[in-house]
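The values are calculated or read from the model by the stated rules, or taken from the named source; none is laboratory data. Treat the numbers as computed from the prediction; the structure is a model and nothing was measured. Heads up, the Cβs are rebuilt from the backbone with ideal geometry, glycines too, and the neighbour counts pull from every protein chain shown.
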C-alpha cells in the first residue's frame with residue numbers, strides 16, 4: 001500500500017560561521033492515510049526542523065517529501081499547522097482569526113457557509129461562548145483551542161502539530177489532548193505531532209518515531225502503539241503494557257538516542 005506521506009532520505013543543513021551544520025540526515029518515514037504519528041526526541045534533535053520541512057516553511061537540503069502523490073516544495077493550505085504558540089492576530093477576535101484562512105480556502109462558498117464552518121469548529125473545541133473575544137481576553141489554553149480550530153477548519157490533507165501543549169498546565173494539556181483526539185477521530189486526518197512528552201506520545205499515537213540526538217539526527221527506532229481506540233487515560237494506566245512501552249521509550253531517550261543506526265541498519269520496529 002502506498003504511503004499518504006512519504007519522506008525519503010531527508011537532509012537539512014544550515015550555514016554557520018564554522019561551515020555547514022547538518023542537523024538532520026537520512027530521515028526516512030512513511031505515514032498511512034488517517035494515521036496519528038508522534039515524533040519524540042531530546043530538545044534540539046531536529047524534530048521541529050523535520051516538521052517545518054513537511055509544512056513547507058523550511059527548505060529541504062536533500063531528499064524528498066511527497067504528500068498525497070505530490071512533492072512538497074512550499075507551504076500550502078493542504079497542511080494545517082498548530083504551533084506551541086498559536087500566533088493569533090491580537091486585533092481580531094477568535095472567530096475573525098479562524099475566518100482569515102477560511103476566506104482564502106473557501107472563497108467560492110457563500111459568506112453564510114464560511115461563517116458556519118468557523119462557528120462549527122470553534123464550538124467543537126469549546127469556544128462557542130468566547131469566539132467573539134480577542135486573544136488578549138483569552139487564556140493560553142483558549143488561544144490554543146482557537147489555533148486547533150483554525151487548523152481543522154481549513155480541511156487540510158494533513159495536520160502538523162509542533163508541541164502544541166508544551167506551554168500549558170497539566171489539566172489544560174489533558175483537556176486539549178482529548179479535544180484534539182475527538183476532532184482527529186471525527187475528521188480522520190493524517191497527523192504528525194512533535195513532542196518530548198512520553199505519556200502524551202503513547203496516549204495519542206498509532207506509532208511513536210524516536211529520533212536520535214543531533215547533529216545528523218535520524219530515525220532511531222519506531223514503536224507501534226496498539227491500544228484500541230477510542231482511548232481513555234484510565235484504560236491505559238490500568239494496562240501493564242502501557243508501562244512496558246513507557247519504559248521502552250524512556251530507555252531509548254536515556255541510553256540509545258545518542259547513537260545513529262549503522263550505515264545499512266534500519267531502525268528497529270518495536271511491537272506493542
**Item:** For residue 68: the one exception among (1) closer than 30 Å to residue 112 by Cα; (2) touching a residue at least 12 places away in the same chain (Cβ under 8 Å)
**Value:** (1)
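Residue 30: modelled with pLDDT of 95 or more, more than 16 Å from residue 147 (Cβ to Cβ), surrounded by fewer than 17 Cβ atoms within 10 Å (Cβ to Cβ) and within 19 Å of the chain's Cα centre (by Cα), yes or no? Reasoning before the result, please.
Details: modelled with pLDDT of 95 or more: yes; more than 16 Å from residue 147 (Cβ to Cβ): yes; surrounded by fewer than 17 Cβ atoms within 10 Å (Cβ to Cβ): yes; within 19 Å of the chain's Cα centre (by Cα): yes.
Yes: the conditions hold for residue 30.
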**Asked** How do the pairs read when you match residues in region 163-182 that are on the phi > 0 side of the Ramachandran plot and buried (at least 18 other Cβ atoms within 10 Å of the Cβ) with residues anywhere that are in a helix (DSSP H, G or I) and modelled with pLDDT of 90 or more, using Cβ under 9 Å and keeping only pairs 6 or more apart or on different chains?
**Response** 163/47; 163/48
**Prompt:** Within the bounds of region 75-94, is there any residue that is part of a loop (DSSP other than H, G, I, E, B), modelled with pLDDT of 95 or more, buried (at least 17 other Cβ atoms within 10 Å of the Cβ) and touching a helix residue (DSSP H, G or I) at 6+ places or on another chain (Cβ under 9 Å)?
**Reply:** yes
**Prompt:** For residues in region 144-162 being crowded, with 21+ Cβ neighbours inside 10 Å and out of contact with any strand residue (DSSP E or B) (no Cβ under 7 Å at 6 or more places or on another chain), which is farthest from residue 43 (Cα to Cα)?
**Reply:** 153
**Asked** Name the pairs: first residue in region 102-121 and part of a loop (DSSP other than H, G, I, E, B), second residue surrounded by 13 or more Cβ atoms within 10 Å (Cβ to Cβ), Cβ to Cβ under 6 Å, at least 6 apart or on different chains?
**Response** 106/114
**Request:** For region 210-226, enumerate the residues that are surrounded by fewer than 19 Cβ atoms within 10 Å (Cβ to Cβ) and closer than 20 Å to residue 36 by Cβ.
**Result:** 222, 224, 226
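If a residue must be in contact (Cβ under 8 Å) with a residue 60 or more places away in the chain, surrounded by fewer than 22 Cβ atoms within 10 Å (Cβ to Cβ) and touching a helix residue (DSSP H, G or I) at 6+ places or on another chain (Cβ under 9 Å), how many such residues does region 187-196 contain?
2
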**Prompt:** Mind checking which residues of region 233-247 are surrounded by fewer than 17 Cβ atoms within 10 Å (Cβ to Cβ) and in a helix (DSSP H, G or I)?
**Reply:** 233, 234, 235, 237, 240, 241, 243, 244, 246, 247
**Complete:** Exactly one of 64, 39 is outside any loop (DSSP other than H, G, I, E, B), at pLDDT 95 or above, buried (at least 21 other Cβ atoms within 10 Å of the Cβ) and in contact with a strand residue (DSSP E or B) (Cβ under 8 Å, 6 or more places away or on another chain), and that residue is 39
**Prompt:** Only one of (1) modelled with pLDDT of 95 or more; (2) on the phi > 0 side of the Ramachandran plot fails for residue 202. Which number is that?
**Reply:** (2)
**Request:** Would you mention how many residues in region 1-51 are under 18 Å from residue 162 (Cα atoms) and without any contact (Cβ under 8 Å) to a residue 12 or more places away in the chain?
**Result:** 0
**Prompt:** Applying the selection to region 123-155, what residues are farther than 17 Å from residue 172 by Cα and under 20 Å from the mean Cα position of the chain (by Cα)?
**Reply:** 150, 151, 152, 153, 154, 155
